[in-house]
Amino acid sequence: MIYNSDFYDFFSRKINDFIDLKLVEQIKQYPVPKHVAIIMDGNRRFAESLGLDPKTGHLFGRDKIEEVLEWCFELKIKNLTVYAFSTENFQRSTEEVKTLMDLCKKELEKASEDSRIHKNKVRIRVIGHLETLPKDISEAAKHLMEKTKHYDKYSFNIALAYGGREEILHAIQKIAKDVKEDKLKIEEIKEQIISKYLYTNGIPDPDIILRTSGEERISNFLLWQLAYSELYFSDVYWPAFQKRDFHESYYNSSTKTKKIR
């Protein structure tokens, strides 16, 4: 009976608060990552585990993005990138793609007026092959980017209709075009030049790439940029991802002595 008592609930919360506080204290001993990138996986499986429909899982996942952005503000993590919709996601059912597109449109329009975005001077970039998106969504994305382009305190990057191979391919095509038009010499093509032709131009490479749901793969995400990133895989579904999970991913990655290369 003690496990169902108010005293047990109160005591458990106090213990969890203490653990979270100690974890934050440990985190602060290490340099703050400049850039955290997240593969948000597990919305559908989270919903299924609760007997809910996939759309509800995506709604819970949407709300989690707002929480994580707040955690980045607290820790002064300047750059956050989330993998919202891949080029491969277009292969899902028509109904699910429509649900995701409708959700994207609403959130892009909402972010444009979000006081937290403007208060914290968050520049928002939507990175990906935007030409493949419905016109109303690509226009909402462009409007949001234009509205926040002068902010420079934080950077929030939404990978939408994004594929890492496609990003590199498009960069190669643009480089080839500039070489053909004598805007660029072949001998000038270095790593830094290639980076300037990517969707992420001007954004530092991620220090940590985090994936939720237990899957241990990259799924065509930031293939060029992850060369020296720490990879952290959490077995928690994205909608169930908690602040402690986020802190642990940061702490565990910070305490590693050797980077994945």
Exercise. Is it the case that Leu69 is farther than 18 Å from Ala47 by Cβ and assigned to a helix (DSSP H, G or I)?
Worked result: yes
Seminar exercise, completed: Going through (1) in contact (Cβ under 8 Å) with a residue 24 or more places away in the chain; (2) within 18 Å of the chain's Cα centre (by Cα); (3) surrounded by fewer than 16 Cβ atoms within 10 Å (Cβ to Cβ) one by one, Trp71 fails only at (3)
Exercise. What pairs come up if the first residue lies in region 129-156 and is touching a residue at least 60 places away in the same chain (Cβ under 8 Å), the second is among the aromatic types (Phe, Trp, Tyr), and their beta carbons are under 8 Å apart, counting only those six or more places apart or on different chains?
Worked result: Tyr154/Phe73
For this session: Quick one: which residue in Lys119, Lys149 is at negative phi and more than 19 Å from the chain's Cα centre (by Cα)?
Result: Lys119
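For every residue, the table says whether it meets (1) in contact (Cβ under 8 Å) with a residue 12 or more places away in the chain; (2) open to solvent by 30 Å² or more (accessible area, probe 1.4 Å); (3) not aromatic (Phe, Trp, Tyr).
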site	(1), (2), (3)
Arg211	yes, no, yes
Glu215	yes, yes, yes
Leu222	yes, no, yes
Tyr228	yes, yes, no
Ser234	yes, no, yes
His247	yes, no, yes
Tyr251	yes, yes, no
Seminar exercise, completed: Note on region 25-44: residues surrounded by fewer than 16 Cβ atoms within 10 Å (Cβ to Cβ) and assigned to a helix (DSSP H, G or I) are Glu25, Gln26
Exercise. Taking the stated definitions as given, is Lys76 open to solvent by 60 Å² or more (accessible area, probe 1.4 Å) and at pLDDT 95 or above?
Worked result: no
Exercise. Within region 169-194, can you find the residues that are in contact with a helix residue (DSSP H, G or I) (Cβ under 8 Å, 6 or more places away or on another chain) and surrounded by 13 or more Cβ atoms within 10 Å (Cβ to Cβ)?
Worked result: Ala171, Ile175, Val179, Leu184, Ile189, Ile193, Ile194
Seminar exercise, completed: Scanning region 174-220 residue by residue, those part of a loop (DSSP other than H, G, I, E, B), within 20 Å of the chain's Cα centre (by Cα) and among the basic types (Lys, Arg) turn out to be Arg217
Exercise. Among the residues of region 206-219, is there at least one that is out of contact with any Ser or Thr (no Cβ under 6 Å at 6 or more places or on another chain) and among the hydrophobic types (A, V, I, L, M, F, W, C)?
Worked result: yes
Problem set entry | Residue list for region 221-261, filter: modelled with pLDDT of 95 or more, in contact with a Phe, Trp or Tyr (Cβ under 8 Å, 6 or more places away or on another chain) and either part of a loop (DSSP other than H, G, I, E, B) or farther than 11 Å from Asp41 by Cβ (or both) | Phe221, Ser234, Tyr237, Ala240
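The values are calculated or read from the model by the stated rules, or taken from the named source; none is laboratory data. Here the structure is a predicted model, which means the values were calculated and not measured. Note that we place each Cβ from the backbone using ideal geometry, even for glycine, and neighbour counts take in every protein chain shown. We work out accessible area using only protein heavy atoms, side chains counted, and drop any ligands, DNA or RNA first. Shrake-Rupley method; radii C 1.70, N 1.55, O 1.52, S 1.80 Å.
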